[in-house]
Amino acid sequence: MKLFKKLNEIKEEEKEQVIKDLLKSDNLIQLKQKYGFMADLNEIPITFLPTYKLKMEENQYTTEKEKTPSWCDRILWHQNKGWF
């Protein structure tokens, strides 16, 4: 999917739909669905836009065209059955 706007130009009321559209192309979700990759791990719903790589020395995100934004701050967990 092609990003139709720069991430910082997306209006608040558009965010939810943009996130849903982008998640359709998410590599981890596709691997879980197609191959069962990490199938025993759960994930909290993603409610934020993906980000670009942070340039630490400038404290800014890169927006270079060859870079793809991604969800790097994801929380995955495994629930042991029988543990309460």
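Derivation of every value follows stated rules applied to the coordinates shown; laboratory data play no part. Everything quoted here is computed from the prediction, not taken from an experiment. Methodologically, a virtual Cβ is constructed for each residue, glycine included, from the backbone with ideal geometry; neighbour enumeration extends over all protein chains shown.
Assorted remarks:
- The calculated FRET efficiency for Q30 paired with C72, based on their beta-carbon distance and R0 = 22 Å, is about 0.85.
- Within the shell of other residues whose beta carbon sits under 14 angstrom from the beta carbon of D40, the net charge comes to +1, with Lys and Arg scored +1 and Asp and Glu -1.
- Trypsin sites (Lys or Arg not before Pro) lying in DSSP loop within segment 22-51, provided at most 10 other Cβ fall within 10 Å: K24
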